[in-house]
1. Show the residue pairs meeting these rules: Cβ distance below 9 Å; 6+ apart or different chains; first residue within the stretch 127-139 and in the same structural domain as A73 (by TED's automatic domain parsing); second residue of a type in the set (D, E) and loosely packed, with under 14 Cβ neighbours inside 10 Å.
2. Can you tell me how many residues within the stretch 151-170 are touching an Asp or Glu at 6+ places or on another chain (Cβ under 9 Å) and exposed (fewer than 12 other Cβ atoms within 10 Å of the Cβ)?
3. Is one or more of the residues making up the stretch 70-92 touching a Leu at 6+ places or on another chain (Cβ under 9 Å), exposed (fewer than 14 other Cβ atoms within 10 Å of the Cβ), touching a residue at least 60 places away in the same chain (Cβ under 8 Å) and not aromatic (F, W, Y)?
4. Give V103, V79 a once-over and let me know the one that is under 30 Å from the mean Cα position of the chain (by Cα), at negative phi and of a type in the set (V, I, T).
5. Kindly provide the set of residues from the stretch 92-118 that are touching a strand residue (DSSP E or B) at 6+ places or on another chain (Cβ under 6 Å) and not β-branched (V, I, T), ordered by number.
6. Within the stretch 157-164, is even one residue among the hydroxyl-bearing types (S, T, Y) and either assigned to a strand (DSSP E or B) or closer than 19 Å to A75 by Cα (or both)?
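The values are calculated or read from the model by the stated rules, or taken from the named source; none is laboratory data. Owing to the predicted nature of the structure, the values given are computational and were not obtained by experimental measurement. In this analysis, Cβ positions are derived from the backbone assuming ideal geometry, glycine residues included, and neighbour counts consider all displayed protein chains.
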Amino acid sequence: MRGETNHLSYSRAPQGLLKGGAVNASEWGARFSQGLKRRLFGSVILLAVVLALVPLATPARAGDKAVAWKPIAQALLRVDDQPVKNWNVYEESKKGDPLLLAVGNRFLVIEIHDHKIFELTPAKVEHKGSDLLWDPAERPAEPLAATDWVIRDVGLAYRIAFRLEAEKHAFDVQLPHPMDLRYIVR
């Protein structure tokens, strides 16, 4: 291949065309320049089209839409050491933090690790079957005053207890967790 002319390369003019006199060197340079301009213009147009379509193809951010909250089965709730009739507790993911506690027509978001509780407006929470839809970006700015936090693993459940200061009500939520059978089965 050494010494042969590469007709695909634009680094120098093809020798066969110059010998026959069909295209001189300046004409070849002009054609090369026009081809380069066409390629660059085509690339710029393609890049502009791609950049224009990228916002349409990207999904909405997590803060822009409601998140589905799934109910936690076999959870227990006591308020002031009394069982509650109409309630449910929901989790956004399997991590269990934060929790959404629905007591009657009242919705409380419990951020366990930060020891904060936020009360939601019922109009912002939507029921969809057994799930709730709520956008975490719509969380109120100020948490409710809560004290006496207890967060413990009590055998087959996690216990989360706190007292809302404004109402003087003590909440006790117990969430089931699976048993660790790794050490029992041999």
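1. L132/E126; L133/E126; W134/E126; D135/D64; A137/D64
2. Adding up the residues that qualify gives 1.
3. yes
4. V103
5. Scanning the stretch 92-118 gives E92, P98, L99, L100, L101, A102, F107, L108, H115, F118.
6. yes
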